[in-house]
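Novice: First the structure, which I've put down as structure tokens, then a few questions once you've had a look.
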Amino acid sequence: MANSGKVVLITGGGSGMGREAARRFATEGATVALFDVNAAGMAETAGTFDSIHSWTVDMTNFDAVCAAVREVEEKLGPVERLYNCAAIMPFGKLVEQDNAIIHKQMAINYGGLVNITQAVLPGMLQRGRGDFVSFASMAGIIPMLLTGAYTATKFAVVGFTETLYHENMHSGVRFACVCPPAVATPLLQQGKDTAWPKMLESQSAPIAPRVVIEAVEECLKKGKFFVFPTRDSKIGAIMRRLFPGLIWKQVHQVEGF
């Protein structure tokens, strides 16, 4: 997509995938709005780009999200593309993980998606155009030991986004649900600092964020809803659908419980 002149809104723009996307789109000529609670991170993302603007927003606060979206559109113009990247990823056994952390993950990873959807999508639908890109994960396709709370949020993201797509198929808005394997971003460190599964150690090295963004662009161009950026992620999605028991058997063997 030629981004020149377009307004792109990126949640979670203070680091990781959001930062990569922001700089790429700004380089291509887009005007970029960042939402995050990490003001210092957003300043680092913006760097020397005059076309990247930031708003400190708690994605779990619907009123704050709506107010920030209104301000973006008043100052920069209508949002033509949404990249919803905001997420947290602490791991742990479900009965041992802190209750508040489990709820916080759902509030940010899923609740934040709900909030930004209801703040941004009505305008896109009214204009009959736009790109709505929702970041799920292979964790939203294949559950794994020690990742239950995070996995639940990404299953919710997949279900919500898929339904949203089918409810608005002929609206002129393009939808994509992105399901990457592990990506080389700071988000991985949250998992490693808590309870890193052996299954993730046994897989290929984390992929570069640019690989994910390029896959999103290709799928939007081709009208494909699900974005599986690698061959292994495509195979994994098929295996999960056809042989769920086999996958769980492998998970238990690798984790040792």
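Novice: Counting Lys and Arg as +1 and Asp and Glu as -1, what is the net charge of the other residues whose Cβ lies under 13 Å from the Cβ of Met239?
Specialist: On the way: positive: Arg231, Lys234, Arg240, Arg241, Lys249; negative: Asp232.
Around Met239, the charge tally is +4.
Novice: If you don't mind, another one. Using only the Cα atoms of the stretch 5-88, build the gyration tensor, take square roots of its eigenvalues as a ≥ b ≥ c, and label the shape rounded, prolate or oblate: rounded if a/c is under 1.5, else prolate if a/b is larger than b/c, else oblate. Kindly include the intermediate steps, with their values, before the conclusion.
Specialist: Working: a/c = 1.64, a/b = 1.12, b/c = 1.46.
The shape class here is oblate.
Novice: Under 15 Å from the Cβ of Ile52, count the other residues' Cβ atoms, weight Lys and Arg +1, Asp and Glu -1, and hand me the total.
Specialist: Values: positive: Lys6, Arg19, Arg23, Arg24, Lys75, Arg81; negative: Glu20, Glu28, Asp36, Glu44, Asp50.
Cβ neighbours under 15 Å give a net charge of +1.
Novice: Can I ask one more? Through the Karplus equation 6.51 cos²θ - 1.76 cosθ + 1.60, θ set to phi - 60°, convert the phi angles of the stretch 135-151 into ³J(HN,Hα) values in whole Hz; use x for Gly and Pro.
Specialist: Ordered by residue, 3J(HN,Hα) equals 8, 9, 4, 4, 5, x, 10, 10, x, 8, 4, 6, 10, x, 5, 4, 4 Hz.
Novice: Further question on the same structure: Quick one: go through the stretch 56-85 and flag any residue whose amide nitrogen is under 20 Å from the point 7 Å out along the Cα-to-Cβ line of Met106.
Specialist: Backbone N within reach: 59-63.
Novice: I need the GluC sites (Glu not before Pro) found in the stretch 73-157, filtered to DSSP loop residues with at most 11 other beta carbons within 10 Å of theirs.
Specialist: Details: sites: Glu73, Glu74, Glu80, Glu96; in loops: Glu96.
Listed in order of number, the matching sites are Glu96.
Novice: Compute the Cα gyration tensor for the chain, then decide on rounded, prolate or oblate, letting a ≥ b ≥ c be the square roots of its eigenvalues: rounded whenever a/c is under 1.5, prolate when a/b is larger than b/c in the other cases, and oblate in all that remain.
Specialist: Numbers: a/c = 1.74, a/b = 1.51, b/c = 1.15.
In terms of gyration-tensor shape, prolate.
Novice: Now for a different question. Please state the charge dipole magnitude for the stretch 7-255, taken about the Cα centre, from unit charges on C-beta atoms (+1 on K and R, -1 on D and E), reported in debye and rounded to the nearest 20. Can you show the working numbers first?
Specialist: Details: 23 positive and 23 negative charges, 166 e Å.
Here the stretch 7-255 has a charge dipole of around 800 debye.
Novice: Running a GNM on the chain with Cα contacts under 10 Å, which residue among Gly236, Gly123, Gly223 ends up with the highest mean-square fluctuation?
Specialist: For the chain, modelled as a Gaussian network with Cα springs under 10 Å, the answer is Gly223.
Novice: Let me ask something else. Set the Förster distance to 41 Å, then compute FRET efficiency between Glu255 and Arg210 from the Cβ-Cβ distance, nearest 0.05. Write out the running numbers ahead of the final one.
Specialist: Working: r = 31 Å, r/R0 = 0.76.
Working from the Cβ atoms, E equals 0.85.
Novice: While we're here: Add -39500 (n - 2.57) for each DSSP H run of 4 or more in the chain, then divide by its residues: what number comes out at 222 nm, to the nearest 500 deg cm²/dmol? Please list the in-between numbers first.
Specialist: Numbers: 11 runs with 127 residues, N = 257.
About -15000 deg cm²/dmol.
Novice: I need the calculated FRET efficiency for the pair Arg127 and Ala40, taking r as the beta carbon distance and R₀ as 25 Å, to the nearest 0.05. Let's see the in-between values first.
Specialist: Working: r = 34 Å, r/R0 = 1.36.
Once the sixth-power term is evaluated, E becomes 0.15.
Novice: If each residue of separation counts as 0.36 nm, what is the full-extension length gain between Phe49 and Met169 once their alpha-carbon separation is subtracted?
Specialist: On the way: separation 120, 0.36 × 120 = 43.20 nm, distance 3.49 nm.
Here the segment from Phe49 to Met169 would lengthen by 39.7 nm.
Novice: Can you compute the label reach from Cys66? Point 7 Å from Cα along the Cβ direction, backbone N cut-off under 19 Å, restricted to the stretch 118-139.
Specialist: Output list for this probe position: 118-127.
Novice: Oh, and also: Report the gain in length on full extension from Lys75 to Glu218: 0.36 nm times residue separation, minus Cα-Cα distance, nm rounded to one decimal. Can you show the working numbers first?
Specialist: Details: separation 143, 0.36 × 143 = 51.48 nm, distance 3.01 nm.
Fully extending the segment from Lys75 to Glu218 adds 48.5 nm.
Novice: What lysines could a cross-link reach from Lys224, if we take a straight Cα to Cα line under 18 Å and drop same-chain neighbours fewer than 8 places away?
Specialist: Output for Lys224: Lys234.
Novice: In degrees from 0 to 90, rounded to the nearest 10, what is the angle of the helix 231-242 Cα long axis to the longest principal axis of the chain?
Specialist: It is inclined by approximately 60 degrees.
Every read-out reported here was derived from the displayed coordinates using simple, explicitly stated rules and does not represent laboratory data. Bear in mind the structure is a predicted one, so any value in this text is a computation, not a measurement. Positions of Cβ are backbone-derived with ideal geometry, glycine not excepted, and every protein chain shown enters the neighbour counts.
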